[in-house]
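Structure record follows, encoded as structure tokens.
Every read-out reported here was derived from the displayed coordinates using simple, explicitly stated rules and does not represent laboratory data. None of the values given here were measured: they were computed from a predicted structure. Methodologically, a virtual Cβ is constructed for each residue, glycine included, from the backbone with ideal geometry; neighbour enumeration extends over all protein chains shown.
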Amino acid sequence: MKLMSRPLISLALTAVVAIPLGALAQAQHAHVHGQIKLDVVVEGPTVVIEMESPLDNFTGFERAPRTDAEKKTAESVIAQLRAADQIFRIDPVANCKLGPVTLRSPALGLGKAEGESTEGHADLDGTFAFNCTNAAAAKFIDIGLFSAFKGPRQIDAQIASPQGQFKRALKRPTERLVWSK
């Protein structure tokens, strides 16, 4: 039982540290349409992907949906992101299965983000956790955000893995996020 709890404690500590750092990063970086930020952490038996994005990248608007068509679009986006294993396809050698998915967007009624209103420049952020039998062996993730949504043009990623720490940028239509030394 002790061995199982160490990765969970480590993940919890990472989350506690990442939340204030994420808030600081948001304060320092502009809300850029067409751009998505991803933080990928490969640790123990898990791969966790943190995503920050303007809501407009997914829905075509960045406020609470007003019309029936906008509400339908928002529901479709939420459903697609909740099926994250269809969007984030981790290197098959890692043998990963989708775990918890948390989406945050006050404009869509998803969670609460401090300082973000439901009008104006709204965001859609997410945490996607995967449980794997061999996470450390993963060397790439095929990211289907460009094919699933019209808005994203660039993905800026930071990866922390057993192979090291990496920064990568993907531009439409490239979908494979690769890391290794």
**Asked** Put a dot 7 Å past each Cα toward the Cβ at His121 and Phe166; how far apart are the dots in nm?
**Response** 3.1 nm
**Prompt:** Whole-Å semi-axes of region 61-181's equivalent ellipsoid, largest first, each the root of 5 times a Cα gyration tensor eigenvalue?
**Reply:** 29, 15, 14
**Message:** With the crude spin-label approximation of a point 7 Å out along Cα→Cβ, what separation in nm comes out for Thr174 versus Ser147?
**Reply:** 1.7 nm
**Request:** Give the value in nm², to one decimal: projected area of the alpha carbon convex hull of region 45-103, averaged over all directions.
**Result:** 4.5 nm²
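Among 170-176, 151-157, how do they line up from the highest to the lowest mean number of other beta-carbon atoms within 10 Å? Kindly include the intermediate steps, with their values, before the conclusion.
On the way: 170-176: 13.6, 151-157: 18.6.
Those peptides, ordered most packed to least, come out 151-157, 170-176.
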**Prompt:** With respect to the cross-link table entries Lys37/Lys97; Lys37/Lys72; Lys72/Lys139; Lys97/Lys150, which display a Cα-Cα separation exceeding 28 Å?
**Reply:** Lys72/Lys139
**Asked** Once you put a point 7 Å from the Cα of Glu75 and another 7 Å from the Cα of Val32, both along the Cβ direction, what distance in nm separates them?
**Response** 3.5 nm
